[in-house]
Structures are given as C-alpha cells and as structure tokens.
Amino acid sequence: MARLLLSPGQLVSMDALVDGLYGERPVKSARNQIHRGVGELRQQGVRIVEQDGSYLLNTPTEVIDAWRFKSLTESAKTAAHSRDKVRLLQEALKVWRGPALAGLDSQVFRAAAEEWEERRLTAIQERFGAGLALGNHNDLIPEIRRLTSEHPMREHFSWQLMTACYRAGRTGEAIAAFTRLREELSEQLGIDPSPELRHLYEQILRQEPVPAEDAPVPRQLPPRPLKITGRSWELERIRTALERGSRTVAITGASGSGKTTLALEAAHSSAELFPDGQLYTTEPDDVLPGMLRALGDTRVPKRQDEQSGRLRTLLSSRRILIVVENVASASQVRSFLPACRECALIVTSRSSLSSLREAVQITLGGLSVDDAWALLADGTGAHRLAAEPAATHRVIELCDGLPLAVDIIAAKLAARPHWDIATLATRLEDRDRILSELRHDDLDIRVALDSGYLSLSPEARTLLRKIGYSGKQDVSVQDASCLEKISPAEAEWRIEALVDARMLTVSGMESGGRFTYHCPPMVLAHSRERALAEDQIAELDAAVSRVLTGMEDSADRH
C-alpha cells in the first residue's frame with residue numbers, strides 16, 4: 001500500500017513492488033505475497049487496478065495526505081502575500097503526524113522518506129521566511145532555535161535565527177547564533193559558514209537594515225490605462241531613458257494633462273526592466289516609511305535622513321521602479337532618489353522640477369487638435385463629431401486640449417446621445433457653468449483644479465483668485481500689480497509662480513519687455529469660484545477697479 005501511495009494514478013510494475021518491499025534480496029514467494037497483499041487491500045475497499053502485470057492505485061491525490069501536503073506547498077509558492085503563504089504552509093504542515101514511511105526500511109522507502117523529509121523542512125523554512133516578512137520575529141525565535149539545534153548543518157535555519165533575533169532587537173543572540181554555527185562547522189567539517197551567512201553577520205555588526213528573505217516583491221502599480229492618446233513621443237522617450245539606465249523621469253504639466261496616465265503606461269510597459277518590483281504612492285510627504293515596509297523592513301527609523309539612507313541600502317541590491325505622484329518640489333524628490341543605476345524613479349508634478357538636472361524632463365501640455373479629436377471620437381463616435389465640426393473644435397478649445405476634460409466630455413456625450421455638441425459648447429462658454437459641465441460620474445475637473453490650487457503659496461492663491469474674479473484671460477504684470485497693490489517686481493514674481501504651477505501660460509511680450517500671460521477658461525472659472533467663497537466682494541471689486549483705472553491711465557498716456 002505504501003509503495004502504491006508513492007505513485008497514485010500511475011502503473012507500478014511487479015518488479016518495482018518487489019524492490020520496494022524486499023530490496024535487493026527478495027524471497028522466493030515475493031510475487032505471490034504481493035498478489036495476496038493486493039487481494040487483501042481490495043477486500044478492505046482499496047481500489048487497485050491491474051494492467052499487464054502492473055498495479056495502479058485508483059485514488060484521487062487530494063485524499064492522500066502526502067500529496068495534499070505537496071499541493072498546498074506548491075500553492076504557497078504562488079501566493080500573492082506572505083500572510084496567505086503562511087496560512088497555506090501551516091495547513092500543509094498539519095498533515096504531518098510523524099516521520100514519513102515510518103517502519104519501512106528498504107532502500108526505496110528510505111530514499112522516498114528522505115525526499116519527503118526534505119520537502120517538510122523546506123516548507124518549514126519557507127513558513128519561517130514568510131513569517132519574518134510579516135514581522136513575526138519574536139514569535140518565531142523559539143521554533144527556529146529548536147530547528148537550528150535539530151539540524152545544525154542546515155545553514156538557512158541559522159540565517160533565519162540570526163535575522164529574527166536581530167530584527168527583534170536581540171543583536172547579541174544573533175551574533176551568538178553565528179558564532180555557534182561557525183565553531184560547529186569548523187569542528188565537524190573544517191569549513192566556514194556560507195558567504196551569505198558571513199555577509200549577514202557583517203550587516204548585523206554594522207547595524208545595517210536586514211530585509212526579510214521572503215519580503216514580498218512589491219507590485220503596487222494601479223491598473224494599466226486602457227488607452228493612451230497623443231503621447232507616443234513622450235512614452236517612447238521615457239522607455240528609452242529607462243532602458244539606457246536613467247535613474248529619474250519627471251513628468252510635469254497642468255492639472256488634467258494626463259500625467260498619471262502617462263506615468264502608469266510607462267511604468268507598466270517597462271516593468272520587465274525591474275523584476276524586483278514596483279513601488280507606487282500618491283502621498284510624497286509620507287513616502288519613505290511606506291516604501292521601507294513594502295520592502296520588508298519593519299524597523300523604520302524616525303528621522304527622515306535615516307529613512308532615506310535605509311531605503312537606498314535596501315535598493316542597492318535590487319532592480320525596483322518607484323512611481324511617486326503629486327510631488328511638490330525637487331527637494332522632496334531628493335529624499336527618495338535612488339543612488340544605484342539598477343533602480344529608477346518616475347515622478348509627476350504640476351511644478352517644473354527643473355532643478356532636478358539629472359532627470360529626464362517630460363512636459364505635458366494640452367493635446368493637439370487631432371489627438372483631442374481622436375480621444376473625443378473614441379468615446380463619442382466619429383460620425384457625431386463629423387456632423388458638427390465647428391462645435392467640436394470649440395469644445396476642444398474650451399477644454400484647453402486637456403485629456404481629463406476631453407475624457408469627461410466624451411463620457412457625457414456618450415451618456416446623452418440626444419445632446420448636440422453645439423449646445424454643449426454654449427454651456428462650456430458660460431463661466432458659471434463650465435466646471436459643472438466638466439463633471440461626469442467619478443470624473444471631475446474641479447477636483448483636479450482644487451488640488452493644483454491648494455498646492456500654491458498663499459500669495460499666489462490670492463492673486464489667482466483676483467484674476468479669476470476680474471474675468472481677464474490675458475493678464476499683464478501691470479494688471480497683477482494693480483490687483484494686489486504691489487510693486488511690478490513682486491507682481492512678476494507671483495505671476496511666474498502661477499506659470500510654474502501651470503495655472504497661467506506665457507502668451508506674448510509687451511513693448512516694455514515684460515511678458516503677457518494667458519489664463520485658461522477652466523482655471524479662470526475655478527479661481528472665480530474660490531474668490532467668491534474666500535474673499536470679500538468689496539475687496540474684489542476694489543481690485544478690479546484699480547485695474548480699470550490703470551488701463552484708463554495707460555490709454556490717456558498714449
């Protein structure tokens with residue numbers, strides 16, 4: 001029965017059965033005894049099929065404890081999270097009730113028993129590794145110490161004991177475990193511990209972070225975009241940069257310009273370059289602790305400079321891609337900038353990040369008319385746009401070519417097949433309605449504009465609100481100076497801050513050598529909303545009056 005259980009669902013020859021039961025010196029009656037044994041097993045309800053002198057145990061493998069153990073351990077290898085891996089391995093190890101094939105001592109059974117025992121120890125070892133990745137160091141130490149004592153030549157148990165002790169803050173015990181192993185190996189085999197174990201020992205002596213061996217490979221990227229329109233040149237440039245070893249890519253642009261879509265498409269399409277994982281966050285202010293935990297390090301330092309150093313240490317031997325969204329400044333990026341060329345960083349920001357000289361700079365504006373038209377047609381239908389070309393061009397213009405705004409319009413028109421595009425264009429031209437029209441289901445341009453607005457300095461926000469209330473799409477330094485009652489130099493500084501945040505664009509130059517600036521319709525409407533919500537009407541009216549007076553004075557001088 002034991003020999004048949006080792007090969008369920010497979011034909012086992014008479015010779016193999018004789019070898020299994022009697023080894024190299026079978027008795028003369030061996031074959032008769034096997035026939036008799038098969039008959040007794042059948043009387044007990046065991047389904048055994050005979051075919052051409054061989055026997056097959058006709059039993060599903062899932063009801064055989066050894067094969068259930070094997071199935072569970074194989075499932076654990078593909079588990080997505082260490083917690084699932086621990087659960088599967090614990091379930092597998094519960095199947096064991098003692099030594100495999102106990103009491104059977106032929107060479108066949110001894111070899112099989114050694115094989116199954118190796119599988120058991122490997123499962124225990126993998127369970128320890130997954131437990132360490134979950135931070136269960138103190139709980140695991142007694143069991144790992146026992147297994148280390150029972151199997152002193154199995155160095156990986158010593159590796160796990162040292163790791164558990166060190167990460168639990170018991171450095172002395174970790175060093176003592178290494179010392180014991182080194183002495184035992186020297187005395188019994190005349191060798192030193194493995195290079196991996198010696199490296200771990202040196203890391204512990206230097207008090208460096210030691211990641212768990214089974215730290216999950218992070219796969220944190222959100223789903224890949226279904227489609228990306230009009231960014232093929234930018235996408236190819238990012239891919240090429242990452243393939244050539246560039247460490248940093250900065251994707252900048254106005255709210256709604258498609259920075260996230262481009263970053264995710266680039267990250268997914270380049271994922272094979274970074275087999276050790278991909279990290280992702282939209283919270284750059286608190287990025288370091290989360291990344292350290294995702295890489296298996298639970299001993300997160302309190303100081304940011306120590307967190308940065310530890311992150312670079314963990315990344316030094318891995319190939320990982322980091323994607324961080326909504327970065328506010330270049331100084332913020334430097335805290336998690338990889339030091340090794342095997343890792344790379346993609347950041348998105350509304351600011352220019354031009355001081356990141358090492359970064360490949362990708363600046364996104366609105367889509368071209370052709371690309372915006374294609375994006376709109378993809379959701380709305382090309383025939384519908386072709387029927388109203390002038391209105392379609394006007395809608396794209398009012399959306400400033402921003403992918404988010406065009407996506408919203410496409411979704412809204414698809415949901416309202418009875419609408420004509422000209423009517424929608426008229427609604428978008430109304431500054432009191434444009435933001436409400438650019439909202440559909442979970443897509444809302446106002447949310448994107450709010451995020452950009454709140455990232456500005458208080459001085460820049462104040463100026464932007466007054467520009468919005470004034471309704472002036474084309475703004476000069478003199479206009480800003482009048483709106484805020486500040487010097488032209490100060491006004492120019494605040495306007496350039498708005499340009500850097502992609503709230504204004506440079507549109508031309510005045511005769512005096514100063515630039516003129518343009519405020520997109522959506523930004524103008526949003527800043528007017530904020531002005532009405534945050535400022536006193538009398539103060540806003542006074543600011544507009546100063547601009548009008550300044551324009552009259554300028555006209556009189558000319």
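The values are calculated or read from the model by the stated rules, or taken from the named source; none is laboratory data. Values in this document were obtained by computation on a predicted structure and should not be read as measured data. Note: ideal-geometry Cβ built from the backbone for every residue, glycine included; neighbour counts use all protein chains shown. For accessibility, only protein heavy atoms count, side chains too; no ligands or nucleic acids. Shrake-Rupley method; radii C 1.70, N 1.55, O 1.52, S 1.80 Å.
The lysine pair count for the chain, using Cα distances under 29 Å and pairs eight or more places apart or on different chains, is 13.
What the chain shows is 49 Å² of accessible area per residue, with the surface traced by a 1.4 Å probe over protein heavy atoms. Ligands, DNA and RNA aside, Val447 has an accessible area near 90 Å² when probed at 1.4 Å. The modelled label-to-label distance between Thr505 and Arg25, using points 7 Å beyond Cα along the C-beta direction, is 9.5 nm. Taking label points 7 Å from Cα along the Cα-to-Cβ direction, Arg146 and Glu429 give a separation of 8.2 nm.
Between region 7-42 and region 100-122, the alpha-carbon centres lie 19 Å apart. All other residues whose Cβ lies under 10 angstrom from that of Leu273 are scored, Lys and Arg at +1 and Asp and Glu at -1, for a net of -1. The relative contact order of the chain, computed from alpha carbon pairs under 8 Å that lie at least 6 residues apart in sequence, is 9 percent.
Residue-wise HN-Hα couplings along region 373-380, as the Karplus relation 6.51 cos²θ - 1.76 cosθ + 1.60 with θ = phi - 60° gives them from phi, are 4, 4, 5, 5, 5, 4, x, 9 Hz; Gly and Pro carry x. Across region 62-77, rounded Karplus estimates of 3J(HN,Hα) from the backbone phi angles (6.51 cos²θ - 1.76 cosθ + 1.60, θ = phi - 60°) give 5, 9, 9, 4, 4, 7, 5, 4, 4, 5, 5, 5, 5, 5, 5, 5 Hz, Gly and Pro being marked x.
Surface composition of region 77-180: carbon plus sulfur atoms contribute 51% of the solvent-accessible area (1.4 Å probe, protein chains only, all chains present).
On the beta carbon distance between Arg87 and Trp419, with R0 = 56 Å, the FRET formula returns roughly 0.60. With N as its number of residues, region 1-149 has a Cα radius of gyration that, divided by 2.2 N^0.38 Å, comes to 1.28.
Take the alpha carbon atoms of region 390-456, find their center, do the same for region 323-340, and report the distance between the two centers in whole angstrom. Value for the Cα centre distance between the two parts: 32 Å. Taking a sphere under 14 Å around the Cβ of Asp192 and counting the other residues whose Cβ falls inside, with K and R at +1 and D and E at -1, yields a net charge of -3. The calculated FRET efficiency for the pair His383 and Glu173, based on their C-beta separation and a Förster distance of 45 Å, comes to about 0.05. Across region 392-449, the mean sequence separation of Cα contacts (distance under 8 Å, 6 or more residues apart), normalised by length, yields a relative contact order of 38 percent. Measuring with a 1.4 angstrom probe and ignoring ligands and nucleic acids, Asp15 comes out at about 90 Å² accessible. Close amide H partners of Ile320, meaning residues 5 or more places away or on another chain with modelled amide H under 5 Å apart, are Cys343, Ala344. Between the amide H of Ser507 and those of Thr516, Tyr517, His518, distances stay under 5 Å, these residues lying 5 or more places away or on another chain, with hydrogens modeled in the peptide plane. Between Asp52 and Ala271, the C-beta separation translates, for a Förster distance of 60 Å, into a calculated FRET efficiency of about 0.70. Distances between placed amide hydrogens fall under 5 Å for Val249 paired with Leu345, Ile346, Val347, Val360, all partners being 5 or more residues away or on another chain. Taking Cα atoms only, the orientation of helix 389-398 departs from the longest principal axis of the chain by about 80 degrees.
The magnitude of the dipole of the chain, with charges of +1 and -1 set on the Cβ of Lys/Arg and Asp/Glu and taken from the Cα centre, is near 1420 debye. Estimated at 0.36 nm per residue, the fully extended path between Arg439 and Glu236 surpasses their Cα-Cα distance by 70.0 nm. Region 45-98 to region 241-260: how many Å between their Cα centroids? About 48 Å separates the Cα centre of region 45-98 from the one of region 241-260. Within region 66-215, the proportion of Cα pairs with more than 27 Å between them is 28 percent.
So, with a 1.4 angstrom probe, what is the percent of accessible area on region 228-380 that is carbon and sulfur?
Using a 1.4 Å probe with all protein chains present, region 228-380 comes out at 44 percent carbon and sulfur.
Within the accessible area of region 467-512, the carbon and sulfur atoms contribute 50%, probe 1.4 Å, all protein chains present.
Counting only heavy atoms of the protein chains and using a 1.4 Å probe, Lys227 has close to 120 Å² of accessible surface. For the chain, with the dipole built from +1 on Lys and Arg beta-carbon atoms and -1 on Asp and Glu ones, taken about the Cα centre, which of Gly190, Met509, Ala359 lies farthest toward the positive end? Farthest towards the positive end: Gly190. Between Arg312 and Glu283, full extension at 0.36 nm per residue minus the direct alpha carbon distance yields a gain of 8.5 nm.
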